[in-house]
Every structure is written in C-alpha cells, then in structure tokens.
Amino acid sequence: MSLELLTPSEFPAFPYDPPYAIQVDLMRHLYASIEQKAVTIIESPTGTGKTLSLLCAALTWLTDEKDRAKKGKMKAVAGDSDSNDAAKDWVIQQTLERVRRELEADEEAYEERLAQARKREETIRRMARARVHKKQKTVPDKSKDTSTDDDDDQFLPETDDQPSSSTEGEVYISPALRALMAKLEKPSDRQENEEETTCTKIFYASRTHSQLAQVLPELNRLKLRRPVSVTNHHPEHCLSVQLGKRSCNEDSEEVPLVNIRAVSLGSRKQLCINDELRKKTRDLDEACRELLGEKGEKRCQYLPPIGEEARMLDFRDQILASPKDIEELADAGRMAHICPYFGSRRAIPQAELVTLPYNLLLQKNAREALGIILKDQVVVIDEAHNLIPILLSLSTTQLSFSVLSTSLQQVCTYISKFRTRLSPANMLHLKRLVVFLDALKKCALEWKDSKIGKPPNEKTEVMTVIELTERMGRKASGINLLEIERYLKSSKVARKIAGYSDKQTEKNADPAAQRQIRKGIIPPLHTIEDFMLSLTNTNDDGRVTFSLIGSPGKEEVELKYQLLNPSPNFMEVVDEARAVILAGGTMSPISDVINQLFAHVPSERITSFSCGHIIPEDNLQTLVVSKGPRGGELEFKAEKQKDPIAIAELGQILLNLASIVPSGMIVFFPSYNFLNAAKAIWLKSGMLEKFGTKKKVFFEPEETVDVDKVLREYALAIQTLPTPTSAKKGGALLFAVIGAKLSEGLNFADDLARSVIIVGLPFANLGSPELRERMKYVKRLEEKRGIEKREKGQKDAATELYENMCMNAVNQSIGRAIRHRGDWASLVLLDRRYATSSIRSKLPKWIGSKMLVTEGFGQTVKELGSFYRNKRV
Ligand code: SF4
C-alpha cells in the first residue's frame, strides 16, 4: 500500500526541537496509516525514541480527528450557506455562533470537572502525606524505650488504627484520616445517570506492565496544549486549533498544557484493594464476582451501593484527570476507598488513551469483561516482535494427568454425596462430565503404557481433536463438550466441587496441610473447563499433544492443546479496529509477520516502515566472519556444536576478538547445550583461563534470580580500570544464550557492550513433533493459497517459517547493543550462513548495506582493529 502522506507539516507536541529526520518520517508514516485505516508494521531500533514518536503521531491524529468532527458538526449546522440572502446568512452566522459556544461550554465544563478531580486528589494526597509524616514523628523509638507498657503491647487487641491489612509499599489510610477525606470525597452534585459519552481512542498495548509503565513518562513529555479561548475569534478558525498545535492566534499568549485523558487497565490481581478477600481466596475473579450483589446481597465495601454511583463517577474523573500507571491507580483507589479495577473500567469510554497488557487486548473474553469495543478505534501494539509467540501461547491450554485424575475423583465424590439433592438436569451434566473425564484418563493411561521405555523422540505425539475423540471411544465422542463447558460456567459447580473436596481433605489433614489447602490453587475443574473449551475449536488449526514428562519411573502424561495458527485470535482486532500498528525494535523478517497474521487482509491495507538508526553510520560495524584462523569455513551446525576441534577453533577466535574489543563483549550462543559443551572443553584445554587474561569472564546464570547479581558484577568489572598487571584491554566478557534470560529487554549501552558476537544460528530442533506439525500446517496453507504466489527465490512456507523463527531470536540479541545516538559497537556474526541472501534479508534493516563479509580471519581482525582505533579507544 502506498501511503500518500496527509500529515501536518510538523508535530509541535514532540518535545525535542527539531526531531531527528527518522522520527519525523516515522510519525508521518504512522499518522498516514491511521488516517488511511491501514495495518502497519513499524521497525524502529531501540534508542530512536520509538514510544515517544508513536504517542506523538497517534495523539496528533486523534486531536485532528476531534477537530474534524467539530468542523463537521458546524458544517452540518451551516448547511448550504451559498446564498445571497443576507437575512438567511445572518441567521446561519448566529446559529453557528450558538453551536460553537455550546461545544466550547461542554468542553470547558468537562475540563473543569477534571480540574476539580485533580485538585481533590492533590488535597487527599497532601493530607495522607502529612498524616504519615506526623505518625512517623510521634512513633516512639521502641529500641530505646524499656518501659513495661511497651512489652505489653503484644497483648493489645488489633485496633482499627493499626495497618492490619496494608502490605508493604501500599498506601495505608487510617480511619481518622478517612473521616477527614470523606468530607472531601463527598460526591459531587451530579446526575447519577449522566449520559456516558464515548470518544475515539488509542489502545496502546505492550507485553508487560513494566513496559507499559515506561509509556506514561513519555506521554508526560509531549507538549500537548489545549485550544485557546475562542472569544473574538472566527469560529471555524478557532476550532481548527488543536492539541499540540500552534494557537490560531499567533499573537495570543502561551496556551496551557493539558492532560490527555488516559487510563491504565490491569487485572483484578493487580488492582483489587480488598486485602481481606485477597488473603482468603484462591480465585480472585470468581470471589470478586460474588461480591457484586445488588439489593441485600453481599457487596464489596469498595463499590458504592447500587443507585449511588456518584462516587464512582467522581473516581472515574479522578482517574482521567491525570495519567496514572497501575500502581498509582491502585494507590488512588485506596485513598478514595473505591475499587480501582471497576473505576478503570468505568473510565474506558471517555479515555483518549488506554494502555493495557497484551492479554487484555488479545483475548476476546478479557475484552468483553472489560467492556472494550475496538470498532473504529486505533490499536498500537508495542514490542510487537513478541506478538506471534504470545498469540500462540494464549491459545494453548495444558492439562496434567494429576489434575485430570483429581478432577474425576472430585466429581465422583461430589455426585455420590449429593446424589439425592441434585436436580435431574444437574445430574445429567455431571454424569456426562464423568464419562468424558474417565475416557480421557483411560486414553492418557493407555498412551503412557505404550510409550514407557521408548526413546525420547517417541515420547511426544501430536494429533487432531478428531483423532483424540476417536481414541476416547464412542461414548465420549458423542458428548457435546460445549454444552458441558457452558454448564460448568453457568452453574459455578467447579468451585463448589473443589470447596467440598477441600473441606473433606481438611477434616483429615494436619494443620500445616490445612493451611496449604486454604492457600490452594485454581480449582482443578477450571483447568478442565479451559481444556474442554479448546477442544470445541472445530477448525483444522488445533492440535492436541500428549507428552511423557518427568524422570524415569516417575513419568506422567501431559496433555496440551494449541493452535498452529496465531491469526484467528488476532483477526477480530484487525477487522474491528480502524487501524492496527505493530511496532518493535526489530520486526524483521516483516514478511513473516504479514504471512502469519495478515494473510486475510487485502494487501492494499498493509504497509510497513523500517527506519534506520539515529546513530551516524560509522558508529556500527557489522562483520560476517565466514572463515576461521585456520582458513576453514565457519558453520556451527548441530554436529559442529559437539566437535572439540570446532569448539577449540571458536575459542581461539573469541580470544583474538577479546584482545581487540574494549570494555564489554557479549557472546551469544544458539543454545545452552552448545554453550555448556564449549565451556567444558575450554575449561579442560585452559582456554577459559586465557579468556581471563583478557577480560573478566561471566556466564549467563541458570536461575533467573541470579541474573541481577551477574549483571551487577559484569558492569562493575567493566567500570574497574585495568591495573598494569591485569588484562591488556580490561573489561568483561559475558557468555549468554539467544532467546534466554539476557537476550531481550536488557539494555547493554555504551561500555556494557562494545561488541555483540553471535555464534551460529539458533535453529529450533526439527525433531520436535510440535514444530513439525506447525511447519506442515503452513505448508498446507500455502498449497491451498497457491504456490505460484511465492516470490522468485523464496523458499517454501515451512522453510521460511523455520528460518524466520531463528532470525527473530537472533535479531533480539543483536538489538542489545546500540541503545542511543552516541552509542557505538561492532556486531560480529560468526557463521558463513549469515552471508547468504535469504538469511541476510532477515536481519534488521537498520544494519543497512554496510555489512561486510570478510574474506579471511586476518581481514576480520584488521577491520575490527581499525573500527576501534577510529573510536580512539
Ligand atoms: S470490587 Fe474491586 S476491590 Fe472489591 S473485590 Fe472486586 S476487584 Fe477487589
């Protein structure tokens, strides 16, 4: 799709003047994409101000859109004004003036309401701070006080004045303060059932809340401005003044900054402030739903009574009055004594910017639960290189054999206990459930028996849903799973069965086990519900995998359902939204994203934008090293990854590079197996010790909890200047694994990574039945679509998928270096396959044409040396 740029000539809301050319290009492309209702893939490397540019362009478009809507209203009122009738013109002008005043008055009233909410919030916060301060001052220092009164404190009953339910880091509001606040919290005098207006909005999604938390500071940096007062201005002209644009009156004074109405969405787990409930429940969603009772029924204390909505509406205004991340939202809820989860839901219709994690955007039931309607809205998905794996994982359900047999046993016990009290309909559904569970259990056991003692590659089997139901036998295959699943959901019987079962177990258990039971996990039947729902997916895209997991003698069957195709769960988002933007630091290979997610979208609607880096070209050196010091071709295929000779040569190469690279050098291996094999051989041969003479050596830790420690020590080693007797260049060498703990989300700026070295290519194990199934699936799809659509020189869809998975992982590791405009580093790709056109085309575009394939290892050393000399290290 070619985009005719309809953007305004500038983006004055952008905080840096002037923006870099690539930032302007990105903003223009994004603006035009939204305007033309496109599906767009944007690749913008880290350090280029991607988030800021995305927000600025999207909000500028939103403002323009609002302006156009106002103009449209005015135009509709004016009607056909091409008249020579002076009286008629006069009437039209008067009407236009009235409509303009009304529109302005509405906006001003709304702004005033938000301003009041901001004031109220600030006052409450000030009071809370003052109270905390006073409390801290008056708390006696118990370490110095030896009076016996204090010793007796432990016998005092807990009073309301003590922060019994607040956990560390949360805002504690004492009852005294609450009484004061209550006066302020007195609901404003407003219409209970005021009309719920909605507006066009930007949904901004990222993978995690910590990534989303970085969006709001960027939003606050934008120079967004409100329209100036339009008194004495021509209405049409004044209405063209937009957020972030220059005043229509160039002589007018500076216009004030304005907040975008933003809301952060999270789950109950993140936002529920009912601490008592959180402590005792195992299923917060379900427990909360039970506290939404209307008249006389149980209702959560953080929800205003039905019919007294004004406090909730005030809280909604408070949310919209100033952007808050998820923690701030929870704090605000505690201070206002109102549920932030429902408050944020209430704020969605009037929000202009909604930030949310992937799962809330991508899962239909989550969207429905939150009342998210994507029709004609703009969806921006950041860090979108994760999108395909996340879509696949969201469609995956797992069921362990122990959960399966516990569920069956619980349902049977429940039926035998309540046999006489269950209605015939209940009994019928539960008996069908038993038939299904029993058949599935037998099927899993038979399969397990047939696999015991078999080689590892035969301990996994993939089948279609139809094949599974055939294996389960006639009785089970006739059951309508959707009907049972609906019954389980509507009757909430899963919780009742689990509750009864826990009670029975608790009766016989010792106190420690009782506590364990109370803490519990999700009722096992909920997992069954999810699995059954997956099996009702009748399309050809679903597969069930049986795997034998665990150590010999203790092996257990695990059942997994997964979709082979990521697009069905995304299709509705694409079809409903006005525009969808996928943005990431490295989105290459872009063709892969298009094939997997947008095959059903007309190609005219798809655009892509890949921007270069903001660094000067000579700040990045990319070398493909195809030959080792002995002159042989470098190719680290699977068999070479265990070959001591190849590993010894690799050690020599890295030792040479470590002598040249200053400060931090990160070496990524394609797998833990390869890295561990190399480590063992180098330890034996003394190569590890030799590395130590050049740089301090670190390895990626096996446990996630150790990552911080290793990174701290690595950074410290880089900061420490070499002594005369220490390594020549100093610095540190970090060995890591592509796609593991250090290859994503970490920032190795400046000296932390003056070189990133990639050893080999991380192709997935072709022996995996699940991977083979996915490859077969894409190949079949391609055949259905017609192979002739394949571009010249392009491999078949299965091979493309296989290569793309590998290159996605490589590209994330590559993105660790070069984090800002002044940064510089070399990127060394150790494998001749990087020089082939198909692999080369899948590297990030910002690497550009300057990639050099060295003729021999001598040239590699020479080029690298000259790169660092030019950097005057
Ligand atoms: S209404 Fe809100 S505070 Fe109350 S239980 Fe539900 S999520 Fe928690």
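The values are calculated or read from the model by the stated rules, or taken from the named source; none is laboratory data. All of these numbers come straight from a predicted model, not from anything done at the bench. Methodologically, a virtual Cβ is constructed for each residue, glycine included, from the backbone with ideal geometry; neighbour enumeration extends over all protein chains shown. Accessible surface areas use protein heavy atoms only, side chains included; no ligands, DNA or RNA. Shrake-Rupley method; radii C 1.70, N 1.55, O 1.52, S 1.80 Å.
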Ignoring ligands and nucleic acids, residue 352 exposes an accessible area, probe 1.4 Å, in Å² to the nearest 10, of 10 Å²
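Leaving ligands, DNA and RNA out of it, rank 299, 772 by accessible area with a 1.4 Å probe, largest first. It would help to have the intermediate numbers written out before the result.
Numbers: 299 70, 772 115 Å².
Correct descending sequence by accessible area is 772, 299.
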Local electrostatic count at residue 560 - Lys and Arg +1, Asp and Glu -1, tallied over other residues with Cβ under 9 Å
-1
Heavy atoms of the protein only, probe of 1.4 Å, neighbouring chains included. What is the accessible area of residue 393 in Å², nearest 10?
70 Å²
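Using a 1.4 angstrom probe on the protein heavy atoms only, could you order 221, 869 from most to least accessible area?
Values: 221 95, 869 155 Å².
From most accessible down to least: 869, 221.
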Zone of residue 220 (label point 7 Å along Cα→Cβ, backbone N under 11 Å): which residues in segment 312-351?
323-325
Give the residue list of trypsin sites (Lys or Arg not before Pro) in segment 620-720 that are DSSP loop and have at most 14 other beta-carbon atoms within 10 angstrom.
630, 637
Under Karplus coefficients 6.51, -1.76 and 1.60, residue-wise ³J(HN,Hα) of segment 592-607 in Hz, glycine/proline x
5, 4, 5, 4, 7, 10, 10, 4, 8, 8, x, 4, 5, 8, 9, 9
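Quick check: net charge around residue 706, other residues with Cβ under 15 Å of its Cβ, Lys/Arg +1 and Asp/Glu -1? Don't jump to the answer; show the numbers that get you there.
On the way: positive: 709, 712, 741; negative: 700, 702, 703, 708, 713.
Surrounding charge for residue 706 is -2.
Report the local net charge at residue 614: Lys and Arg +1, Asp and Glu -1, summed over other residues whose C-beta lies under 13 Å from its C-beta.
Values: positive: 50, 819, 821; negative: 25, 617, 823.
Overall, the nearby charge balance is 0.
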Beyond 21 Å between alpha-carbons counts as too far, so tell me which of 454/779; 795/842; 441/503 fall in that bin.
454/779; 441/503
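Quick one: if the Förster radius is 60 Å, what FRET efficiency do residue 637 and residue 123 give, using the C-beta to C-beta distance and rounding to 0.05?
Working: r = 67 Å, r/R0 = 1.12.
Efficiency for this residue pair is about 0.35.
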A 32 angstrom limit on the alpha carbon distance is what I want to check against. Which of 50/375; 690/845; 50/364; 709/845; 627/871 exceed it?
690/845; 709/845
If you count only protein heavy atoms and use a 1.4 Å probe, how large is the accessible surface of residue 20, to the nearest 10 Å²?
90 Å²
